[in-house]
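Data first, discussion second: the structure below is written as structure tokens.
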Amino acid sequence: MASAVSLLLSSPRPLRRAAPCLLSSPAPRLRLPLPLLVPAPATARLLAPPPRANNDNSDAVGAPDRLVAAVAYLYPFLDGAHHGRFLVAQYPVFNAVLSPLGPAARLFHSSPLTPFLLFITLYFAVVRNQQAFSRFVRFNAMQAVALDVLLIVPDLLAQSFAPSGGGIGLDIFTSLENTVFLFLLVSLLYGGGACLLGITPRLPIVADAAERQVM
């Protein structure tokens, strides 16, 4: 592809004239037709570099869309916050960081059906609702839903292989739980913060899946 583009953009080679014969009379010069010139606007379009992808669409995203997209990232974090119990117990500073989310956590765990109802609402009422919500909102809501689906793996591991005593097994289990919690916390801060700024965040693992769902 790059070689083809280089051939298109390269300047045409000059026409070589035949060397005149020294023993013969000079032949009349043939007027060769000039090569067709590409119009200036078309030439400018060919030579102009391709536009760079830019995720900063803050001018096009309204404040309501930013807020709805940012709030969506609370759903996977609240659903998986229990993975941070070891980290919060070891570092009490996380209590001060998470204390503003107390009312949301109480509402989230007010009923066993609340997580499931939020999942259904986010996916069918937001992600699949192209008429009511912009692509910015639907993409971020789908990322939040995909993050919550991924929590099935650590939840199953925690229920199946949780060590009953101490030792190296507990250390490995604690490290895995802390990793899941920190990943959810970073996703919340980065995803929610970027949405509030009107920038589309792309989270690892789930961004491509979310992209396919909102095409």
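FYI, it's all coordinate maths here, none of it is from the lab. On a predicted model such as this, the values are computed, not experimentally measured, just so you know. Here the Cβ is made from the backbone with ideal geometry for all residues, glycine too, and neighbour counts use every protein chain on show.
Quick rundown of the values:
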| item | result |
| --- | --- |
| Prolate/oblate/rounded call for the stretch 55-141, Cα gyration tensor, a/c under 1.5 rounded | oblate |
| Cβ-derived FRET efficiency at R0 25 Å, residue 106 paired with residue 152, nearest 0.05 | 0.55 |
| Spin-label proximity, residue 134 to the stretch 57-96 - amide N less than 13 Å from point 7 Å beyond Cα toward beta carbon | 57-70 |
| Shape call, the stretch 106-158: gyration tensor on alpha carbons, a/c limit 1.5 | oblate |
| Efficiency of FRET between residue 172 and residue 63 - r from beta-carbon atoms, R0 45 angstrom, step 0.05 | 0.50 |
